[in-house]
1. If LEU232 meets every condition in (1) in contact with a Gly (Cβ under 7 Å, 6 or more places away or on another chain); (2) farther than 13 Å from ILE57 by Cβ apart from one, which number is that one?
2. Can you tell me which residue among VAL177, VAL154, VAL142 is more than 23 Å from ALA222 (Cα to Cα) and under 20 Å from the mean Cα position of the chain (by Cα)?
3. When both residues are 6+ apart or on different chains and their Cβ atoms are under 6 Å apart, which pairs have a first residue that lies in the stretch 170-197 and is under 18 Å from LEU232 (Cα atoms) and of a type in the set (Gly, Ala, Ser), and a second that is at pLDDT below 95 and in a helix (DSSP H, G or I)?
4. Taking the residues in the stretch 127-174 that are of a type in the set (S, T, N, Q) and assigned to a helix (DSSP H, G or I) as candidates, determine which candidate is farthest from PHE104 (Cα to Cα).
5. Among strands (runs of 3 or more DSSP E) lying entirely in the stretch 199-304, which contain 1 or more residues that are under 21 Å from PRO176 (Cα atoms), among the aliphatic types (A, V, I, L, M) and at pLDDT 95 or above?
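The values are calculated or read from the model by the stated rules, or taken from the named source; none is laboratory data. All values reported here derive from a predicted model rather than from experimental measurement. No Cβ is skipped: glycine too gets one built from the backbone with ideal geometry, and neighbour counts run over all protein chains shown.
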Amino acid sequence: MKIYMCIRGPLSPFWKDCMKIYLAGGVTANLKPFWNECMNLYLGGKKSDIIIEAMKIYLAGNAPWKEEGIYNEAIINNKPYILESYYYIKLDRMEWLLEMRPFFKGFLLDSGAFTYMNNVKESPNWDKYIEEYAAFINKHNVDLFIELDIDVLVGLKEVQRLRKKLELLTKKQCIPVWHKSRGLENWKQITKQYEYVSIGGIVTKEIKGNEYDVFIPLLKIAAKNNCKVHGLGFTNLKGLEKYKFYSVDSTAWVYGNRGGFLYLFKNNELTKIQATNKRLKGRKAAVHNFCQWLNFSKYAEHNL
């Protein structure tokens, strides 16, 4: 799997874990057929149907890249995968981020639509936003960009209309964001139509931790369709070894100092160390965590 942040473990434990299903919650009401079909696919499939490929980790987060020289040095020396939001680039005028792109191994652009909606007083003009988003993508020749992930705000049909408009303006496929409310048939459809898709609703707990095994049949379907899958905001450390996404992204390194802990990558494992009796210095903790996640990202790309 690949993890991208704004930056995949031995086979035998993976197969061992795949022998168990612990699905809880979300199995009632109108989502029951979805979970039932996913479970049937999982139980009836073969382990060999799941493609094992190393993972990319995209580091995401509105970090002070230019203000802190060590960030630039770490990027130049390590060539990370970076995910950033178009909204924040536009808001903070982060042209310097684009100057650093030659040192990124991969760059993934999020639309930032949800953030935009939460930060404007007037009613959002989504057509204008799409036009500006597309113009930015064209101007800077961005290849990997995510659609407007606003199902909950405007509904699936409107998201699909805006997706089509975005693709017409850029003459490129975007990366659709699938939510479980769209259903399994929609997942089968988009993984046939697109080379690269993403799963949303992880950060917002639409898909809860005890439901993560649903990723196995979903990834199996995508693999059969030769489609890559990105786990939006999925950085469950144990889950990264178990669920073989093509890529994921995380802002975890940014929040370590806020939660009072540091990350440490050692002996091929990334662990959290809780600080005791000391207040972490925010900038230094963020720099440390960024570098540790960079090390983990390089390991993940060849091993997870």
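1. Just one mismatch for LEU232, condition (2).
2. VAL142
3. Every condition considered, the pairs that remain are GLY183/PHE34.
4. GLN160
5. Strands (runs of 3 or more DSSP E) meeting the threshold: 228-231, 247-250.
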